[in-house]
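The structure appears right after this line, and notes come after that.
The values are calculated or read from the model by the stated rules, or taken from the named source; none is laboratory data. This is a predicted model, so every value here is computed, not measured. Positions of Cβ are generated from backbone atoms using ideal geometry, with glycine treated the same way; all protein chains shown enter the neighbour counts. Keep in mind that these areas ignore ligands, DNA and RNA; they rest on the heavy atoms of the full protein, side chains included. Shrake-Rupley method; radii C 1.70, N 1.55, O 1.52, S 1.80 Å.
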Amino acid sequence: MSERIDVSVEHKHAPTDDGGRPHPNTCPKCDSHYRDDELEQHLNVCPHCGHHFPVHARERIRQLVDEDSFAEEAAELRSDDPLDFFDLRPYPERLAEAELATGLGEAMVIGRAAIENRPCQLAVMEFGFMGGSMGRVVGEKFARACDGAAERGVPLVSVTTTGGARMQEGILSLMQLPKTVCAVEDLHDAGGTLISVMAHPTTAGVLASFASLGDVIVAEPGALLSFTGPRVVQQTTREKLPDDFGLAESNYRHGHVDAIVPRPELRPTLGRLLRLFANGT
């Protein structure tokens, strides 16, 4: 009888990519490794330790909404180069590269959708597009999502994952903070509702604007929710920080978020909230 061969793809000596870095399907917490279909089956959550892998915007939409219910809006919007910005490379070149890498025209996808048969407006950020940074087009898309929710009388569900404002657009990017805050205020004035889902990471200008204005704010486990990362804060204050500084669990303990919801429970949680906030109120 031949010796049994263990064909499990989950193991401690996980493979690396061509650059010697851990393979993207390797869990950074427990070193378990998975095939693409295995991760997809578990919604990109490690079944061994619960680590939440990043999720691209379109995959996030597929996980959350009812099948064939999403209708994208404002997909034609693209950033230009208002400042003729050049660091190591021209800004338009970085934009083109981000679009090729993600298949998206910007760092936010908006549109109409339904979750558990409840209609809603959706705004989902894509970290892979220049770190999910918020420039003028992201601000405009979010404002349009607020307007659409108000016009239809449905709640707006936003999912954030971002490094903050986009430096290549300078003060024009920072102006998106008050613009998105005013958009949420207009939504509330119309009797509408914002449900904010914070994924890893949600930081800087987005955290300081619309992401923190939800009528209900939920976060994924272990997500970094901080205006500035712990390394920068520690270097600035020269003080030892708690191990969970800026994480979802710390924010929940201090009342900054209403609940921590694991990804497999996110869709039913949003469905329940949409039923509670029926008619956008």
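For every residue, the table says whether it meets (1) within 19 Å of Ala75 (Cα to Cα); (2) of a type in the set (Val, Ile, Thr); (3) crowded, with 19+ Cβ neighbours inside 10 Å; (4) free of Cβ contacts under 8 Å to residues at least 24 places away in the same chain.
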site: Gly105; (1), (2), (3), (4): yes, no, yes, no
site: Arg118; (1), (2), (3), (4): no, no, yes, no
site: Met125; (1), (2), (3), (4): yes, no, yes, no
site: Met130; (1), (2), (3), (4): yes, no, yes, no
site: Gly170; (1), (2), (3), (4): no, no, no, no
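Cβ separations smaller than 6 Å between residues 6+ apart or across chains give the following pairs from region 174-197 residues that are over 24 Å from Ile260 (Cβ atoms) and open to solvent by 10 Å² or more (accessible area, probe 1.4 Å) to residues that are small (Gly, Ala, Ser) and assigned to a strand (DSSP E or B): Leu174/Ala165.
Scanning region 78-103 for residues that are closer than 30 Å to Gly271 by Cβ and open to solvent by 40 Å² or more (accessible area, probe 1.4 Å) returns a single hit, Gly103.
Can you tell me which condition Ala208 does not meet? The list is (1) at pLDDT 95 or above; (2) touching a Leu at 6+ places or on another chain (Cβ under 8 Å), and all the others hold. It is condition (1) that Ala208 fails.
Of all helices (runs of 4 or more DSSP H) completely enclosed by region 162-225, which ones contain at least 2 residues that are in contact with a helix residue (DSSP H, G or I) (Cβ under 6 Å, 6 or more places away or on another chain)? So the answer is 176-189.
Of all residues in region 225-233, none are under 23 Å from the mean Cα position of the chain (by Cα), surrounded by fewer than 18 Cβ atoms within 10 Å (Cβ to Cβ) and farther than 25 Å from Ala165 by Cβ.
Within region 244-281, can you find the residues that are β-branched (Val, Ile, Thr) and outside any helix (DSSP H, G or I)? Selection gives Val257, Ile260, Val261, Thr281. Selection over region 60-69 of residues that are closer than 20 Å to Phe127 by Cα, out of contact with any Leu (no Cβ under 8 Å at 6 or more places or on another chain) and surrounded by 15 or more Cβ atoms within 10 Å (Cβ to Cβ) gives a count of 1. Within region 139-151, being touching a helix residue (DSSP H, G or I) at 6+ places or on another chain (Cβ under 7 Å) and open to solvent by less than 10 Å² (accessible area, probe 1.4 Å) holds for Gly139, Phe142, Cys146, Ala149.
Pull up region 237-263, narrow it to residues that are out of contact with any strand residue (DSSP E or B) (no Cβ under 9 Å at 6 or more places or on another chain) and closer than 17 Å to Ser196 by Cβ, then point me to the one that is most open to solvent (accessible area, probe 1.4 Å). So that I can check it myself, show each step before the final result.
To start, the set of residues in region 237-263 that are out of contact with any strand residue (DSSP E or B) (no Cβ under 9 Å at 6 or more places or on another chain) comprises 237-244, 253-255.
Of the ones still in play, those that are also closer than 17 Å to Ser196 by Cβ are 254-255.
Working: His254: 120, Gly255: 58 Å².
Filtering region 237-263 for residues that are out of contact with any strand residue (DSSP E or B) (no Cβ under 9 Å at 6 or more places or on another chain) and closer than 17 Å to Ser196 by Cβ, the one most open to solvent (accessible area, probe 1.4 Å) comes out as His254.
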